[in-house]
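Novice: Pasting in a structure now, in structure tokens, and then I'll have a few things to ask.
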Amino acid sequence: MTITLVNPEGLPEVDAYRQVSVATGSKLVFIAGQVAWDADGATVGEGDLAAQVEQCYLNVGTALAGVGGSFDDVAKLTVYVVDWTPDKMPQLMEGLGRAAARLGVTAAPPASLLGVAALDVPDHLVEIEATAVLG
């Protein structure tokens with residue numbers, strides 16, 4: 001496995017992600033920010049943060065598979081959420097959980113969550129990008 005996820009002693013343990021990832025592979029993969037588009041470019045889950053998170057996550061999985069990778073290879077996720085407030089966390093986690101279940105993965109790499117004013121189009125509520133390392 002090219003990625004080892006760690007919660008070092010002295011840092012808080014968070015269920016949704018690990019504090020550190022150690023990469024030992026040789027090929028870096030940068031997945032562009034994925035929004036809630038289906039394969040035809042139609043927005044999925046208009047107005048529904050959980051549904052959009054799920055679609056974004058599935059799109060990241062599709063992108064990884066397209067280059068021979070999987071969520072096991074993800075070193076870091078960055079999540080951008082329009083008008084973020086902490087009360088949106090349950091919807092975010094619901095979408096991540098549904099996508100992880102559909103993909104059969106437990107993805108918990110280090111992650112950054114950033115609130116933004118807007119994304120590419122008004123219908124998009126979230127965007128997720130990934131950095132992976134393949135062996």
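Novice: Determine whether Ser26 is surrounded by 10 or more Cβ atoms within 10 Å (Cβ to Cβ) and of a type in the set (S, T, N, Q).
Specialist: So Ser26 does not fit the description; no.
Novice: With respect to Val35, is the statement that it is in contact (Cβ under 8 Å) with a residue 60 or more places away in the chain and either over 15 Å from Pro110 (Cβ atoms) or surrounded by 13 or more Cβ atoms within 10 Å (Cβ to Cβ) (or both) true?
Specialist: Yes.
Novice: Quick check: is even one residue across region 22-43 at pLDDT below 95, in a strand (DSSP E or B) and out of contact with any strand residue (DSSP E or B) (no Cβ under 8 Å at 6 or more places or on another chain)?
Specialist: No, that holds for no residue.
Novice: Moving on to the next point. Being part of a helix (DSSP H, G or I), surrounded by fewer than 21 Cβ atoms within 10 Å (Cβ to Cβ) and out of contact with any helix residue (DSSP H, G or I) (no Cβ under 7 Å at 6 or more places or on another chain) is the filter here; which residues of region 44-99 pass it?
Specialist: Thr62, Ala63, Ala65, Gly66, Asp72, Pro86, Asp87, Met89, Pro90, Met93, Gly97 - these are the residues of region 44-99 that are part of a helix (DSSP H, G or I), surrounded by fewer than 21 Cβ atoms within 10 Å (Cβ to Cβ) and out of contact with any helix residue (DSSP H, G or I) (no Cβ under 7 Å at 6 or more places or on another chain).
Novice: Starting from residues that are out of contact with any Gly (no Cβ under 8 Å at 6 or more places or on another chain) and buried (at least 18 other Cβ atoms within 10 Å of the Cβ), keep the ones in region 101-112 and report whichever is nearest to Val60 (Cα to Cα).
Specialist: Top of the filtered list is Ala107.
Novice: I need the full set of residues from region 108-133 which are more than 10 Å from Ala75 (Cα to Cα), part of a strand (DSSP E or B) and either of a type outside the set (Ser, Thr, Tyr) or touching a residue at least 40 places away in the same chain (Cβ under 8 Å) (or both), in order please.
Specialist: The answer is Leu113, Leu114, Gly115, Val116, Val126, Glu127, Ile128, Glu129.
Novice: Is there any pair linking a residue in region 67-83 that is closer than 15 Å to Ala111 by Cβ to one that is modelled with pLDDT of 95 or more and of a type in the set (Lys, Arg), with Cβ under 7 Å and at least six apart or on different chains, and which?
Specialist: Hits for this filter: Val81/Lys88.
The values are calculated or read from the model by the stated rules, or taken from the named source; none is laboratory data. In this text the structure is predicted, and so the values were computed from the model without any measurement. With ideal geometry, Cβ positions are generated from the backbone for all residues, glycine too; neighbour counts draw on all protein chains shown.
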